[in-house]
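The values are calculated or read from the model by the stated rules, or taken from the named source; none is laboratory data. Please read these numbers as outputs of a predicted model, since none were measured by experiment. Using ideal geometry, Cβ is built from the backbone for each residue, glycine included, and neighbour counts are taken over all protein chains shown.
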Amino acid sequence: MDFRLSEEQQMIRDMARKFADEVIAPKAEEMEATGEYPYDIMARMAELGMMGIPFPVEYGGSGGDWVGMHLCIEEIARGDTALGGLLDVTTSVVGQELFVFGTETQKKKWLISMAQGKEIGAFGLTEPGAGSDAGATRTTAVRDGDSWVINGTKQFITNIGLANASIIIITARTKALKPGEKEQINTFIVPKGTAGFTLGKKYDKMAWRHSATHECIFEDCRIPDSNFLGKEGKGFAQHLAVLETGRISIAAIAVGLMQACLETSLKYAKERVQFGKPIINFQAISFKLADMAMATELARNMYLKAAWLKDNRLPHTLEAAYAKLYASEMCEKVASDAYQIHGGYGFMNEYAVSRYYRHTKILQIVEGTSEIQRLVISRNLK
């Protein structure tokens, strides 16, 4: 097998790496502390075409592939994982759902501006009573003439309540659309500013504080039938399909964080002197660094394989789950080792490893918990 990256993929990786080093990393602590959404950084990412890498030129993208997209996500996450998460939601999930399941009109209306980075999108699946059991959604959509009336609540929704927010794509339970059919789950596009669509509380999080995350409330929210997304009765399946790519993205974010932990710890171990010599010369430290490097490389290979399978239109449900589960769980171990190498300094907020460690846990929750990944894997074993 040829594991070499294409010239275009290398250019994307190098561009994102340079941007992360020069623009994102110097502001990461400040963004986390203030909790303010980084409009300026997102605008510069848009100028570099990061949100549209995997989409065709006619829809505002650059005609690249998902391997290139995930190399970009890894490097951005190395600078700040929350920004990697914003790329995941906008491109891997919302943008992809529009591209794969949207009508031509819907793509032109919303995907182009999203791929160009002018606007961002939100993904509405989770509800107060429907977390890992996402099929238990209680949000409803009732047809009324040529409109749909939506009622319900979505929670933990990112990319909403912002000046550049565009739409939220939600699942909702509907009555049978044809005689003899059962109740269905369908997917709808709700633009910002739609009457009856309001934001509830903004969540105060232990990390990713600068990614706006809100409760979304729908009270007799009326949208036109043209905002129905995809095929009748397939809304839940559509959401799950794009979540496969989202899982690859979370794996790439985890790898970016693992790489940051490794680089920071290696530098510290070379500079920190104890017992008369740099601590990297002690086997207890050098072996930790070796394990961190191995875990990072293995996790990287797993997400790249899953992305390559997707680019080649091959099944990748298992590979996406493998990558997400392994990378997110090893990320916590790698960050813990980085913390340990730094000793007491790792507990101080002025050292980046403190932030790295806080950022690990969310990666085991979003886009399907570790338990859900094990469920997916066990059900697909043959």
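Restricting attention to region 108-129, the residues that are surrounded by fewer than 18 Cβ atoms within 10 Å (Cβ to Cβ) and of a type in the set (K, R) total 2. Total residues in region 109-130 satisfying the condition of being more than 22 Å from T198 (Cβ to Cβ) and of a type outside the set (A, V, I, L, M): the figure is 5. For G35, are the conditions met, namely being in contact (Cβ under 8 Å) with a residue 12 or more places away in the chain, of a type outside the set (V, I, T) and on the phi > 0 side of the Ramachandran plot? Spelling it out, G35 is indeed in contact (Cβ under 8 Å) with a residue 12 or more places away in the chain, of a type outside the set (V, I, T) and on the phi > 0 side of the Ramachandran plot. When E232, E297, E219, E263 are checked against the criterion of being within 22 Å of Q364 (Cβ to Cβ) and charged (D, E, K, R), E297 stands alone in meeting it.
Consider region 135-151 and keep the residues that are in contact with a helix residue (DSSP H, G or I) (Cβ under 7 Å, 6 or more places away or on another chain) and among the small types (G, A, S). The one that is surrounded by the fewest Cβ atoms within 10 Å (Cβ to Cβ) is G135.
Residues in region 335-350 that are crowded, with 19+ Cβ neighbours inside 10 Å and of a type outside the set (V, I, T): A335, D337, A338, Y339, H342, G346. Whenever a residue of region 40-66 is in the same structural domain as A115 (by TED's automatic domain parsing), its partners that are of a type in the set (F, W, Y) and not in a loop (DSSP other than H, G, I, E, B), lying with C-beta atoms within less than 7 angstrom and at least six residues away or across chains, give the pairs L48/F19; P54/W66; F55/F99; Y59/F99. Within region 300-318, being out of contact with any helix residue (DSSP H, G or I) (no Cβ under 7 Å at 6 or more places or on another chain) and under 20 Å from S328 (Cα atoms) holds for one residue alone: N301. Screening E30 with (1) surrounded by 18 or more Cβ atoms within 10 Å (Cβ to Cβ); (2) part of a helix (DSSP H, G or I) gives one miss only, at (1).
Let's see how each residue does on (1) in the same structural domain as Y339 (by TED's automatic domain parsing); (2) surrounded by fewer than 16 Cβ atoms within 10 Å (Cβ to Cβ); (3) in a strand (DSSP E or B); (4) in contact (Cβ under 8 Å) with a residue 12 or more places away in the chain:
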position: L199; (1), (2), (3), (4): no, yes, yes, yes
position: E215; (1), (2), (3), (4): no, no, yes, yes
position: S226; (1), (2), (3), (4): no, yes, no, yes
position: G246; (1), (2), (3), (4): yes, no, no, yes
position: T264; (1), (2), (3), (4): yes, no, no, yes
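In region 231-244, of all residues being closer than 29 Å to L304 by Cβ and crowded, with 20+ Cβ neighbours inside 10 Å, the one that is modelled with the lowest pLDDT corresponds to H239. Within the option set G85, G61, being within 21 Å of V366 (Cα to Cα) and buried (at least 16 other Cβ atoms within 10 Å of the Cβ) holds for one residue only, G85.
Among residues of region 271-316 being under 19 Å from the mean Cα position of the chain (by Cα) and among the polar types (S, T, N, Q), the one that is surrounded by the most Cβ atoms within 10 Å (Cβ to Cβ) is T296. The residue list I217, I185, I223, I189 contains one member that is at pLDDT below 95 and touching a strand residue (DSSP E or B) at 6+ places or on another chain (Cβ under 6 Å), which is I185. Put simply, of A207, A251, A237 the only residue that is without any contact (Cβ under 8 Å) to a residue 24 or more places away in the chain, more than 21 Å from T105 (Cβ to Cβ) and among the aliphatic types (A, V, I, L, M) is A237. In the set I168, I160, only one residue is buried (at least 22 other Cβ atoms within 10 Å of the Cβ) and either closer than 23 Å to G233 by Cα or without any contact (Cβ under 8 Å) to a residue 12 or more places away in the chain (or both); that residue is I168.
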